[in-house]
Amino acid sequence: MEPIEVARRLVRLGDTEDALKAYELVLRAQKHVSADEKLEAAIFVLQFQGEYRYAYLAFLELYKEKQYAQDVMAIMTEAFYEPNQKLLRSHYENNCKYLKRYPYLFQKDFIPFDELPIRFYPFDDNHYIPYYVENGCFGDATDYSEPVITRNFFHDLENPILAKDVYSQYELEYLNDNVRPSEYVSKENHIYLHYSSWEEFCSYLQVLNFRKLLADQKLVFLISDEISQYPIDFKERFGLDYCKYPLRPIGIREFHRLIWHMQLSYHNGGDFFNEIMDAHPNLLSSSSIFHDSMEETLADLRCTLDDARSWAEVKEVFSNGEWENFDMIRELYFMRDRTDKDILVTAFCCCKRFVKRLDLNSRIAPVIFYQPHFGFIHTNIMGDNKGHAIVASEQYEAMEKSTVFRHFKYIKSFAPMRRITTSYGGAVRFMDNSSETKTEDGKFLRVVNEVVERVLYRGYLVDDQLRIFRDCVLVRFEDGKLNPKATFTALAKFLDLPYTKSMTYCSFNGLPTQVILNQEIHGFDTTSVYKTYDDYACDEERFFLEYFLQDAYRYYGYDFKYYDGQPMDEEKINELIQHFDKINYFIRKSMKPFFEDTIVKIREKEAEQGKSKEYEKTVEEEAQVRLEKYMQDQEERAKSVARVLLTGLRFVTKDGRPLKFMPKLELDPALLEQPLYH
């Protein structure tokens, strides 16, 4: 029986509650549902207070399909528009009142509310659907406060900022917060907002809020052909000579933007991207910083500031040669409501190597460029009986909960990706080299089963409802190496930065990397693109990676080199696992001295406790037994993970929301120097 028939039968039986559920199912499924049935279901759901969004979308579809358009329009207006009309009118009239008094809006003949050409139908707490009266059509549901910057406002900082038809509250606040006042930069530095249509501008005053934006008088509104006035000579027209003001140092609270350089996994070329962003005149950038180390630094600074009894005591603490800019430290000390974000900003600003390339005369406040690094990224995947895989990463959760991130109003994130098998081989080589020495506290660095960790770690899949992932992009390492101009022009555009000369070469603290760093490969040398790391990865391991990560390969444009495209089953996968020769070799190599060291310490401790005895096996023999057991466990773990992944899981968050691919940075074909890498 079809859901619509079930719903009607339940209505006849007087079971309104279950009928409501059935009608909602009709609207959710919408398979073989006629216009009559859709209208019937939508009216019932709306009448009996079901999930109104299902009804709303059904009415909208019927209207766009010109089915019962007049009736649907009447229902939508009565149910959704009229209850909110008073609030929309209030927004409009308040904006008109503020703008009439504003000196830099030169057109004042506001349209009466009832004659506005666009009506806004609220969809939920955040979204509106515009209705264009003259054309008689609806637009798309839009959140005008969505925390995403959609354009490159700051591509040209030679002239005052000019932006056309900005109808996003978030972007208007972004401009107002990040363009420095003219009085601070000793030059005319207003934000010119050009609106092509007065009628459209007036209409959007129903859903925007200009009151707070007008307080600083940074905005200049140019309507239609008033664009010819750009830029205005404020000295001649308004008697305002900004050149007489001294250049004002950047203040802690002027920093509102954070660029999070994500660590997707290991050896994806993160340092290469740091070297490109180094010395950018609008960035306070650093190389990668261990997250735990930065957290400890912030905690130490917080305690020092909280415990200090006077400024003199604080100044003495920071007079150790590592800190500069005592004016900013003083500003931080006397802040009563300082946050970890304020402390991080001060830590960056008081380090000469971070600020020495900064353009202190820039029209915009600098951006913090931050790459918190993790020595080990671990992902848990938990399956359920619905074919879902719940993905959780302690490291990404740490970023989500970070007090530093929480206090930045504007966050853009990007993650470098390198061909997975190449990145894998580089990681194994690094682990092998590191395992040959102990840490400072005498611990062994061990090689983990990286092939298994890689198929578990799905960092390219994100929850786009989380603020840290709302405005993010993935950048391919190979594109940066082979097509640097196209890649970094596009990345600058996404990050809303000017594409500067500093982005055309690799540097560290402002100096070219080949001068200051002892590296195998420098700059745009493409050797690292074509490395296969055959000494650290075998074909079976790489086949395994490509098969289980084929979604990433396809979405991000990588061709398969090892996986042949054929269907796989558990038997074939187990055969691959039994030939993980390279990773098993390096695990054995690193674990053997670990077990030997562990056994020696156990026997020494037993001797100290008077438990000395004769052992059946030598240290080496017992270590070998433990090593074999460990390797068996590693093989079983690989098989267990493979069994779960073979079921074709759909990856979701803890709350059940589907994870989505991080968008890929798209390059301008006209700027390509070489064909795209595949």
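The values are calculated or read from the model by the stated rules, or taken from the named source; none is laboratory data. All values derive from a computational prediction rather than experimental measurement. No Cβ is skipped: glycine too gets one built from the backbone with ideal geometry, and neighbour counts run over all protein chains shown. Just the protein is used for accessible areas: all its heavy atoms, side chains included, with ligands, DNA and RNA removed. Shrake-Rupley method; radii C 1.70, N 1.55, O 1.52, S 1.80 Å.
Contact map, the stretch 504-528: residues that are within 25 Å of Thr422 (Cα to Cα) paired with residues that are open to solvent by less than 50 Å² (accessible area, probe 1.4 Å) and polar (S, T, N, Q), Cβ distance under 6 Å, separation 6+ or inter-chain. Pairs shown: Cys506/Thr513; Ile521/Ser528; His522/Thr513. Please work out if Phe80 is open to solvent by 60 Å² or more (accessible area, probe 1.4 Å) and of a type in the set (Phe, Trp, Tyr). Judged against the criteria, Phe80 is not a match. For the stretch 499-513, check the following and say yes or no: at least one residue is within 20 Å of His256 (Cβ to Cβ) and part of a loop (DSSP other than H, G, I, E, B). No, that holds for no residue. Against the condition out of contact with any Ser or Thr (no Cβ under 7 Å at 6 or more places or on another chain), closer than 30 Å to Pro675 by Cα and either touching a residue at least 60 places away in the same chain (Cβ under 8 Å) or surrounded by 14 or more Cβ atoms within 10 Å (Cβ to Cβ) (or both), how does Tyr585 come out, does it pass? No.
If you scan the stretch 286-298, which residues turn out to be over 19 Å from Glu397 (Cβ atoms) and either at pLDDT 85 or above or touching a strand residue (DSSP E or B) at 6+ places or on another chain (Cβ under 6 Å) (or both)?
Ser288, Thr297
Look through the stretch 8-57, keep the residues that are of a type in the set (D, E, K, R), within 24 Å of Ile129 (Cβ to Cβ) and within 38 Å of the chain's Cα centre (by Cα), and return whichever of them is most open to solvent (accessible area, probe 1.4 Å). Checking each candidate, the answer is Arg28. Elements of the type helices (runs of 4 or more DSSP H) sitting completely within the stretch 283-398 and holding at least 1 residues that are open to solvent by 60 Å² or more (accessible area, probe 1.4 Å) and under 30 Å from Ala415 (Cα atoms): these cover 291-307, 352-355.
Taking every residue in the stretch 312-333 that is within 13 Å of Phe348 (Cα to Cα) and pairing it with any residue that is loosely packed, with under 15 Cβ neighbours inside 10 Å, at least 6 positions away or on another chain, the pairs with Cβ-Cβ distances below 7 Å are Glu324/Lys352.
Identify, please: which residue in the stretch 277-322 is among the small types (Gly, Ala, Ser) and over 20 Å from the mean Cα position of the chain (by Cα) and is, among those, nearest to Leu511 (Cα to Cα)?
If we filter the stretch 277-322 for residues that are among the small types (Gly, Ala, Ser), which is where we start, we get 279, 285-288, 293, 299, 308, 310, 312, 319, 321.
Now drop any that are not over 20 Å from the mean Cα position of the chain (by Cα), which leaves 279, 293, 299, 308, 310, 312, 319, 321.
Working: Ala279: 9, Ser293: 25, Ala299: 31, Ala308: 38, Ser310: 39, Ala312: 36, Ser319: 27, Gly321: 22 Å.
It comes out as Ala279.
In the stretch 471-487, the residues that are more than 19 Å from Leu461 (Cβ to Cβ) form Cβ pairs under 6 Å with partners that are of a type in the set (Gly, Ala, Ser) and open to solvent by less than 10 Å² (accessible area, probe 1.4 Å), at six or more places apart or across chains, as follows: Thr487/Gly480.
Yes/no matrix, rows are residues, columns are (1) under 23 Å from the mean Cα position of the chain (by Cα); (2) in a strand (DSSP E or B):
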{"residue": "Phe221", "(1), (2)": "no, yes"}
{"residue": "Glu226", "(1), (2)": "no, no"}
{"residue": "Pro246", "(1), (2)": "no, no"}
{"residue": "Glu275", "(1), (2)": "yes, no"}
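Filtering the stretch 100-114 to residues that are within 24 Å of Glu134 (Cβ to Cβ) and not acidic (Asp, Glu) leaves Gln107, Lys108, Phe110, Ile111, Pro112, Phe113. Would you check if Ile129 is within 17 Å of Asn282 (Cα to Cα), aliphatic (A, V, I, L, M) and open to solvent by less than 30 Å² (accessible area, probe 1.4 Å)? No: the conditions fail for Ile129.
Summed over the stretch 515-538, the residues that are open to solvent by 30 Å² or more (accessible area, probe 1.4 Å), within 21 Å of Glu478 (Cβ to Cβ) and assigned to a helix (DSSP H, G or I) give a count of 2. With respect to the conditions (1) assigned to a loop (DSSP other than H, G, I, E, B); (2) polar (S, T, N, Q); (3) buried (at least 20 other Cβ atoms within 10 Å of the Cβ), Gln465 falls short on a single one, namely (3). Of all positions in the stretch 639-647, none carries a residue that is without any contact (Cβ under 8 Å) to a residue 60 or more places away in the chain, among the hydroxyl-bearing types (Ser, Thr, Tyr) and open to solvent by 60 Å² or more (accessible area, probe 1.4 Å).
Restricting to the stretch 468-496, count the residues that are assigned to a helix (DSSP H, G or I) and of a type in the set (S, T, N, Q). Walk me through how you get there before you give the answer.
Narrowing the stretch 468-496 to residues assigned to a helix (DSSP H, G or I): 468-469, 477-482, 484-495.
If we keep only those that are of a type in the set (S, T, N, Q) as well, we get 487, 489.
Here the count works out to 2.
Contact annotation: residue pairs with Cβ atoms under 7 Å, 6 or more positions apart or on different chains, pairing a residue in the stretch 259-281 that is among the polar types (S, T, N, Q) with a partner that is open to solvent by 20 Å² or more (accessible area, probe 1.4 Å) and modelled with pLDDT under 95, are Gln263/His373; Gln263/Phe374; Ser265/Tyr457; Asn274/Ser287; Asn274/Ser288.
Within the stretch 79-98, residues that are at negative phi and among the charged types (D, E, K, R) sit with their Cβ atoms under 8 Å from residues that are surrounded by 14 or more Cβ atoms within 10 Å (Cβ to Cβ) and not in a helix (DSSP H, G or I), at 6+ positions apart or across chains, in these pairs: Arg89/Gln206. The residue of the stretch 323-356 that is farthest from the chain's Cα centre (by Cα), among those that are at pLDDT 85 or above and basic (Lys, Arg), is Arg330.
Of all residues in the stretch 568-582, those that are open to solvent by 40 Å² or more (accessible area, probe 1.4 Å), closer than 20 Å to Asp633 by Cβ and in contact (Cβ under 8 Å) with a residue 12 or more places away in the chain total 5. The number of residues in the stretch 407-434 that are more than 30 Å from Leu344 (Cβ to Cβ), open to solvent by 20 Å² or more (accessible area, probe 1.4 Å) and not hydrophobic (A, V, I, L, M, F, W, C) comes to 2. Comparison of Glu200, Glu171, Glu158 shows that the only residue that is open to solvent by 50 Å² or more (accessible area, probe 1.4 Å), assigned to a helix (DSSP H, G or I) and not hydrophobic (A, V, I, L, M, F, W, C) is Glu200.
I'd like to know if the stretch 267-281 contains one or more residues that are closer than 30 Å to Pro663 by Cα and out of contact with any Ser or Thr (no Cβ under 9 Å at 6 or more places or on another chain). Working first, answer last.
Narrowing the stretch 267-281 to residues closer than 30 Å to Pro663 by Cα: 267-281.
From what is left, the residues that are out of contact with any Ser or Thr (no Cβ under 9 Å at 6 or more places or on another chain) are 273.
Among the residues of the stretch 267-281, at least one is closer than 30 Å to Pro663 by Cα and out of contact with any Ser or Thr (no Cβ under 9 Å at 6 or more places or on another chain), which makes the answer yes.
Name the residue that is modelled with the lowest pLDDT, counting only residues in the stretch 658-678 that are open to solvent by less than 80 Å² (accessible area, probe 1.4 Å) and closer than 30 Å to Gly387 by Cα. Checking each candidate, the answer is Leu659.
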